[in-house]
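Below is one structure. I have some questions about it.
The values are calculated or read from the model by the stated rules, or taken from the named source; none is laboratory data. Small disclaimer: the values here were computed from a predicted structure and weren't measured. A quick note on method: Cβ atoms are made from the backbone with ideal geometry, for glycine too, and the neighbour counts reach across all protein chains shown. Ligands, DNA and RNA are excluded from the accessible area calculation, which covers all protein heavy atoms including side chains. Shrake-Rupley method; radii C 1.70, N 1.55, O 1.52, S 1.80 Å.
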Amino acid sequence: MNCASRTEQIWLYCHGELTPTEAEQLRQHLESCAECRAELERQRLFQRAVEAARPEPPPELVAACRRELAEALGRSRAPVDRWNRLGALFRLPQPGRLAWGKLAGALALLAVGFLGGRLSSGPDFSLLGRPEPSQVRVRYIEHAPSGELRLHIEQSRKRLIRGSLADEPVRSLLLEAARDPIDPAVRADALEILRQASDLPEVRAAFVEALERDPNPAIRLKALEGLKPYTDDPHSRQALSRALLSDDDTNVRAMAVELLAASPRPDVVEALQALLGRESDAYIRQRSARILQAMNASPGIF
Amino acid sequence: MRAETGVDEASLIRAAQQGDHEAFERLVRAHDADVLRLAMSFVGSPEDARDIYQEAFLRVWRNLRHFRFDSSFQSWLYRIVANLCLDMLRQRKTRRQAPAVTGNGQAGPELLDTVPEVRAETDPQRALFSREVQQRIRSALDGLTSRERLVFELRHFHGMRLKQIGEVLGASEEAAKNCLFRATQKMRLALGDFL
């Protein structure tokens with residue numbers, strides 16, 4: 001196989017789509033072929049540039065779409081007859097299903113009771129805004145011997161919290177949102193806002209946690225943005241070193257090395273030396289070598 | 001390196017198949033930013049992307065009971081979104097409206113004549129993330145066919161493997177690979193020595 005015909009193989013290698021045997025053969029070839037190594041670097045640079053151009057939908061648009069979908073779902077039919085959400089029962093009584101109609105009526109009364117109670121009891125902390133309607137799920141139903149129905153329900157309530165980052169309850173909720181297990185858009189929004197309070201240790205800890213644990217590389221990049229002003233902070237530096245050594249996303253590692261380069265210190269020498277032995281990306285290797293050079297440190301471990 | 005979330009998506013799907021709105025909402029929230037990204041990038045206008053978002057998730061809700069876990073939920077969802085995007089582009093073409101994807105269908109230097117030439121800067125990181133490069137990449141994407149663009153974006157913006165791209169397209173992994181390779185070559189040609 002000549003080098004020109006290896007372009008597709010190098011491309012597949014960059015995408016992690018070669019078998020382990022094919023990848024090993026290519027690596028062996030790369031060791032002795034400068035032309036193919038150059039092609040590999042070109043492809044990696046191209047890939048990183050393209051991935052950096054990934055569009056991000058504005059959070060307001062995501063929020064608007066969710067609102068519209070919720071409204072449209074209220075008008076839509078369910079995939080099965082059983083409805084779990086009370087609001088849907090109100091909007092979509094199932095024709096010909098008398099028992100469900102009765103249940104809907106019973107639940108409606110329950111909901112009015114709950115909602116009325118909530119509205120009359122008022123907010124339960126000072127930043128709480130206008131409560132939104134309750135959501136009730138029936139967990140199970142009992143038929144009492146007397147004929148009475150006993151509905152065991154679980155209630156959740158959406159609420160609007162108003163305030164600023166200076167308000168501790170708002171900040172606490174944002175720190176929770178930064179760990180949201182489902183929605184990366186919520187985590188991204190929370191971290192973006194929290195950047196304005198990154199002088200607080202708990203906020204910096206949230207950035208470190210996001211950098212080390214978030215499954216989404218875009219969120220980890222956001223966490224790095226948050227840590228940018230704190231490259232002198234020992235905890236932040238340790239987190240940057242760990243990301244440099246263990247993160248599987250090239251952009252995250254590239255940004256971590258940039259931040260460490262901004263303030264080269266002896267405490268990262270070991271991590272950078274270890275990185276030089278294992279990093280596959282030429283740019284990151286080059287930057288690491290330059291930082292070591294700036295500190296008069298050896299590029300190898302002896 | 002990491003599992004996407006600690007939540008078992010299959011359990012959410014099964015609950016949603018039983019009519020559980022909360023489970024469905026959690027599924028939507030897990031995927032909707034990606035759906036919107038794909039739609040916006042494809043059809044251009046945020047308003048059209050909103051329509052596609054809504055129609056896609058309504059179709060998912062209506063047809064979820066037929067989902068049999070033969071493919072991943074994400075592949076199934078993306079297939080719906082991709083079909084809606086392609087339908088919208090076809091309708092635009094039929095109505096002879098100006099498409100949001102404004103490419104001339106060809107990759108090459110003429111596509112980029114209006115973009116001022118900016119050579120790579122001395123700091124490659126800075127050059128890589130510069131606005132000029134990113135604009136140029138978006139222009140070059142316009143030069144791909146709809147199918148090539150879809151495949152390219154699924155790989156680079158959504159991190160899909162070739163096998164999963166094949167599932168979205170309803171094609172073989174080999175067909176997905178060939179399409180992606182063609183798209184990559186066109187993109188590299190269009191970007192020239194910019195990178």
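Going by what's in this entry, would A:Ala178 be described as surrounded by 15 or more Cβ atoms within 10 Å (Cβ to Cβ), modelled with pLDDT of 90 or more, of a type in the set (Gly, Ala, Ser) and over 13 Å from the mean Cα position of the chain (by Cα)?
Taking the combined requirement at face value, the residue does not satisfy it.
Continuing with the same structure: Here's a check for you: in the range B:10-46, which residue that is of a type in the set (S, T, N, Q) and in a helix (DSSP H, G or I) is farthest from the other protein chains (Cβ to nearest Cβ)?
Applying the filter and picking the extreme gives B:Ser11.
Any idea which of A:Leu191, A:Leu173 is open to solvent by less than 40 Å² (accessible area, probe 1.4 Å), assigned to a helix (DSSP H, G or I) and either within 20 Å of B:Ala30 (Cα to Cα) or in contact with a Ser or Thr (Cβ under 9 Å, 6 or more places away or on another chain) (or both)?
Criteria check complete, one pass: A:Leu191.
Quick check, is A:Arg44 within 14 Å of another protein chain (Cβ to nearest Cβ), touching a residue at least 40 places away in the same chain (Cβ under 8 Å) and not in a helix (DSSP H, G or I)?
It is false that A:Arg44 is within 14 Å of another protein chain (Cβ to nearest Cβ), touching a residue at least 40 places away in the same chain (Cβ under 8 Å) and not in a helix (DSSP H, G or I).
Could I ask something else about it? Quickly run through the range A:1-45 and pick out the residues that are under 26 Å from A:Leu221 (Cα atoms) and either among the aliphatic types (A, V, I, L, M) or in contact with a Cys (Cβ under 9 Å, 6 or more places away or on another chain) (or both).
Within the range A:1-45, A:Leu12, A:Leu40, A:Gln43, A:Arg44, A:Leu45 meet the criteria.
From the list B:Ser72, B:Ser41, B:Ser45, pick out the single residue that is open to solvent by 40 Å² or more (accessible area, probe 1.4 Å), on the phi < 0 side of the Ramachandran plot and hydroxyl-bearing (Ser, Thr, Tyr).
Being open to solvent by 40 Å² or more (accessible area, probe 1.4 Å), on the phi < 0 side of the Ramachandran plot and hydroxyl-bearing (Ser, Thr, Tyr) holds for just one of B:Ser72, B:Ser41, B:Ser45, which is B:Ser72.
Of these, A:Ser263, A:Ser241, A:Ser246, which one is open to solvent by 10 Å² or more (accessible area, probe 1.4 Å) and free of Cβ contacts under 8 Å to residues at least 12 places away in the same chain?
A:Ser246
Filter the range A:1-10 for residues that are without any contact (Cβ under 8 Å) to a residue 12 or more places away in the chain and in a loop (DSSP other than H, G, I, E, B) and give the result.
A:Met1, A:Asn2
Ok, one more. Identify all residues within the range A:127-146 that are over 26 Å from B:Gly19 (Cα atoms), modelled with pLDDT under 80 and open to solvent by 60 Å² or more (accessible area, probe 1.4 Å); write none if there are none.
If the condition is that a residue be over 26 Å from B:Gly19 (Cα atoms), modelled with pLDDT under 80 and open to solvent by 60 Å² or more (accessible area, probe 1.4 Å), then A:Arg130, A:Pro145 are the ones that fit.
Can you tell me which residue among B:Val60, B:Val101 is modelled with pLDDT of 90 or more and hydrophobic (A, V, I, L, M, F, W, C)?
B:Val60 is the lone residue from the list that is modelled with pLDDT of 90 or more and hydrophobic (A, V, I, L, M, F, W, C).
Something else: Return the residue satisfying two criteria in turn: it lies in the range A:11-41 and is within 16 Å of B:Arg155 (Cα to Cα) and assigned to a helix (DSSP H, G or I), and of such residues it is most open to solvent (accessible area, probe 1.4 Å).
A:Tyr13
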